[in-house]
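Undergrad: Here you go, one structure.
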Amino acid sequence: MQITFLGTSSGVPTRARNVSSVALRLPQRAELWLFDCGEGTQHQIMRSDLKMSQLSRIFITHMHGDHIFGLLGLLASCGLAGNVQRVDIYGPAGLNEYIQSASRYSHTHFSYPIKVHAVRPGVIYEDEEFTVTCGALHHRITAFGYRVAEKDRAGRFDVEKAQALQIPPGRVYGQLKRGETVTLADGRVINGAELCGPTEIGRKIAYCTDTIYCDGAVELAKDADVLIHEATFAHQDAEMAFQRLHSTTTMAAQTALAAGAHRLLMTHFSPRYAPGNSIELKDLLQEARAIFPKTDMAYDFMAYEVPRRRDVVLSEV
């Protein structure tokens, strides 16, 4: 699971930062999932090492332009390229109408199936590997955050130990790898869990923007390996944040702390903190780290490989 930031500015793009979009690459299944799609997202994908042909799911938080204006262009390009099989799009009510209207007036026709899912809090997608849930955030319009949870799986199967026990290979190995208890032909009962290493805890990612501090974001981020959270304003501009229902750096850090998240990646920064101003982005990072030390500030094309819990433990030994 690799996160790539394609846009980290709020409201409008800057020379260094495009508007909101985050990609989640799933190499094991050759899929690309996208969270929000601000204007110019397809250009950002082309400038990265991501493959547009792998795009399969898009999750939209809310209907503000800096999160959706790149959507139709991206979908149209996917159709012209001719190598996208199907795209499922998830987001608030009105998203399907927006896509249908924009495609009708621009005479855009898609050569592949598109399915738009109007989301409500709860599980919105599940397969054998992942569960995706959404929760309500607190913004000026209806907004949702998303949580991607990889399912736990059995640890590495010890083939040598199985051979030493003279367990015949075949279908039974698959059962034991899944941690099942199996009765062999000779009557022996073998507990698969005893032949597997420690359970691999599924990785969890939360994506929360746009929102002010709220319980919904904390719930989505519980025990997350990575929380991606907006940090539009510095702490001293909290009054502006409350007026516009955006988060400060300290709100993002407090969300991560309350949720017991393992790492915070901040994004969606106001252009007002450009270099040379009285408050710069480096000051925002210091504010957040004072509350939640494991905080980093995202930038366009930043890539982050989400570690497994066992990997983290081994690296700390």
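Undergrad: Within region 215-263, work out how many residues are among the polar types (S, T, N, Q), in contact with a Phe, Trp or Tyr (Cβ under 8 Å, 6 or more places away or on another chain) and farther than 24 Å from PRO121 by Cα.
TA: Initial filter on region 215-263 (among the polar types (S, T, N, Q)): 232, 236, 243, 247-250, 254-255.
Now drop any that are not in contact with a Phe, Trp or Tyr (Cβ under 8 Å, 6 or more places away or on another chain), which leaves 232, 247-249, 254-255.
The next check asks that each one be farther than 24 Å from PRO121 by Cα; those that pass are 232, 248-249.
Qualifying residue count, region 215-263: 3.
Undergrad: Yes or no: TYR173 more than 23 Å from the chain's Cα centre (by Cα) and part of a helix (DSSP H, G or I)?
TA: Details: more than 23 Å from the chain's Cα centre (by Cα): yes; part of a helix (DSSP H, G or I): yes.
Answer is yes for this residue.
Undergrad: A further question follows. Restricting the first residue to region 189-213 and requiring it to be in contact (Cβ under 8 Å) with a residue 40 or more places away in the chain and farther than 30 Å from SER20 by Cβ, which pairs with a second residue that is among the hydrophobic types (A, V, I, L, M, F, W, C) and surrounded by fewer than 20 Cβ atoms within 10 Å (Cβ to Cβ) meet a Cβ separation below 6 Å and a spacing of at least six or different chains?
TA: Close Cβ pairs satisfying both conditions: CYS196/ALA154; CYS196/PHE157.
Undergrad: Does THR295 count as closer than 23 Å to ARG140 by Cα and open to solvent by less than 80 Å² (accessible area, probe 1.4 Å)?
TA: Details: closer than 23 Å to ARG140 by Cα: no; open to solvent by less than 80 Å² (accessible area, probe 1.4 Å): yes.
Against the criterion (closer than 23 Å to ARG140 by Cα and open to solvent by less than 80 Å² (accessible area, probe 1.4 Å)), THR295 does not qualify.
Undergrad: To continue, here is another question. Which ones in region 127-173 are loosely packed, with under 13 Cβ neighbours inside 10 Å and under 30 Å from THR248 (Cβ atoms)?
TA: Passing the criteria: only ILE141.
Undergrad: Further question on the same structure: List, please: which pairs have Cβ atoms under 7 Å, are six or more places apart or on different chains, and start with a residue in region 137-156 that is aromatic (Phe, Trp, Tyr) and end with one that is assigned to a strand (DSSP E or B) and open to solvent by less than 20 Å² (accessible area, probe 1.4 Å)?
TA: PHE144/CYS134; PHE144/GLY135; TYR146/PHE35; TYR146/PHE59; TYR146/VAL132; TYR146/CYS134; TYR146/TYR207
Undergrad: Residues of region 91-108 being within 27 Å of the chain's Cα centre (by Cα), open to solvent by 90 Å² or more (accessible area, probe 1.4 Å) and of a type outside the set (D, E, K, R), which ones?
TA: If the condition is that a residue be within 27 Å of the chain's Cα centre (by Cα), open to solvent by 90 Å² or more (accessible area, probe 1.4 Å) and of a type outside the set (D, E, K, R), then GLN100 is the only one that fits.
Undergrad: Residues being surrounded by 15 or more Cβ atoms within 10 Å (Cβ to Cβ) and not acidic (Asp, Glu): count how many of those fall in region 275-285.
TA: Going through region 275-285 one residue at a time, the tally reaches 4.
Undergrad: Still on this structure: Go through region 2-30 and give me each residue that's more than 20 Å from ASP225 (Cα to Cα), open to solvent by 10 Å² or more (accessible area, probe 1.4 Å) and outside any loop (DSSP other than H, G, I, E, B).
TA: ARG29
Undergrad: Please determine, by comparing only the residues of region 109-126 that are among the hydrophobic types (A, V, I, L, M, F, W, C) and open to solvent by 20 Å² or more (accessible area, probe 1.4 Å), which one is farthest from GLU219 (Cα to Cα).
TA: Of all residues in region 109-126, those among the hydrophobic types (A, V, I, L, M, F, W, C) come to 110, 114, 116, 118-119, 123-124.
Within this subset, residues satisfying the condition of being open to solvent by 20 Å² or more (accessible area, probe 1.4 Å) are 110, 114, 116, 118, 123-124.
Working: PHE110: 37, ILE114: 30, VAL116: 25, ALA118: 21, VAL123: 13, ILE124: 16 Å.
Only one residue fits best here, namely PHE110.
Undergrad: Next question, about the same structure. Which of the residues spanning region 35-56 are within 26 Å of ARG140 (Cβ to Cβ) and in contact (Cβ under 8 Å) with a residue 40 or more places away in the chain?
TA: Correct list: PHE35, ASP36, GLN44.
Undergrad: Ok, one more. Could you please give the count of residues in region 58-73 that are assigned to a helix (DSSP H, G or I) and touching a helix residue (DSSP H, G or I) at 6+ places or on another chain (Cβ under 8 Å)? I'd like the intermediate steps shown before the answer.
TA: Here is the first cut: in region 58-73, the ones assigned to a helix (DSSP H, G or I) are 65-68, 71-73.
Narrowing further to those that are touching a helix residue (DSSP H, G or I) at 6+ places or on another chain (Cβ under 8 Å): 68, 71-73.
So the answer is 4.
Undergrad: Filtering region 150-201 down to residues that are among the aliphatic types (A, V, I, L, M) and modelled with pLDDT under 85, which residue is farthest from ARG29 (Cα to Cα)?
TA: First pass over region 150-201, keeping only residues among the aliphatic types (A, V, I, L, M): 154, 159, 162, 164-165, 167, 172, 176, 182, 184-185, 189-190, 193, 195, 201.
Still in the running and modelled with pLDDT under 85: 154, 193.
Values: ALA154: 19, ALA193: 26 Å.
In this case the residue turns out to be ALA193.
The values are calculated or read from the model by the stated rules, or taken from the named source; none is laboratory data. Here the structure is a predicted model, which is why all the values come from computation and not from measurement. For neighbour counting, all protein chains shown are included, and Cβ atoms are generated from backbone atoms with ideal geometry for every residue, glycine included. What goes into the accessible areas is simple: the full protein's heavy atoms, side chains included, and nothing from ligands, DNA or RNA. Shrake-Rupley method; radii C 1.70, N 1.55, O 1.52, S 1.80 Å.
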